[in-house]
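Shown next, in structure tokens, is the structure this report addresses.
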Amino acid sequence: MAAVVCGALLVAVNGVLGFVTFAVGPWRSAEDAEALAVYRDLALAVLFGCALVAALTWVFVKARWLGLWWYALPGLLAVLSLIRVGMA
């Protein structure tokens, strides 16, 4: 039961981070410098959120409720967020 609850929590949080990463703003350079600053700040916020989710994932994996592959979700979102920061 703990694995289901922990998995659902991580899927929900990673889903929100993924939505913010993909749904907000263009990936290519925009003409408005202020918009680019907002996109960069959102990507940095997602990167911080990925660090928090990775720490939460570590707790769940350490308790043996979840497997090691759960680290892939915040890791993938962190890489995409870093790419987005570099493009902004």
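The values are calculated or read from the model by the stated rules, or taken from the named source; none is laboratory data. Fair warning: this is a prediction, and the values are worked out from it, not measured in the lab. Positions of Cβ are generated from backbone atoms using ideal geometry, with glycine treated the same way; all protein chains shown enter the neighbour counts. Side chains included, ligands, DNA and RNA excluded: accessible areas come from the protein's heavy atoms. Shrake-Rupley method; radii C 1.70, N 1.55, O 1.52, S 1.80 Å.
Annotations for the structure displayed:
- When the test is whether a residue is open to solvent by less than 60 Å² (accessible area, probe 1.4 Å) and within 12 Å of residue 18 (Cβ to Cβ), residue 80 passes it.
- Cross-chain or 6+ apart pairs with Cβ under 9 Å, region 1-21 first and closer than 16 Å to residue 67 by Cβ, then open to solvent by 50 Å² or more (accessible area, probe 1.4 Å) and part of a helix (DSSP H, G or I): 6/56; 6/59; 9/56; 10/56; 10/73; 11/73; 14/73; 14/76
- Among the numbered conditions (1) assigned to a helix (DSSP H, G or I); (2) surrounded by fewer than 16 Cβ atoms within 10 Å (Cβ to Cβ); (3) at pLDDT below 90, the only one that residue 52 does not meet is (3).
- Failed criterion for residue 12 (all others in (1) more than 14 Å from the chain's Cα centre (by Cα); (2) modelled with pLDDT of 90 or more; (3) hydrophobic (A, V, I, L, M, F, W, C) hold): (1)
- Selection over region 55-69 of residues that are open to solvent by less than 30 Å² (accessible area, probe 1.4 Å) and either in contact (Cβ under 8 Å) with a residue 60 or more places away in the chain or of a type in the set (Phe, Trp, Tyr) (or both) gives a count of 2.
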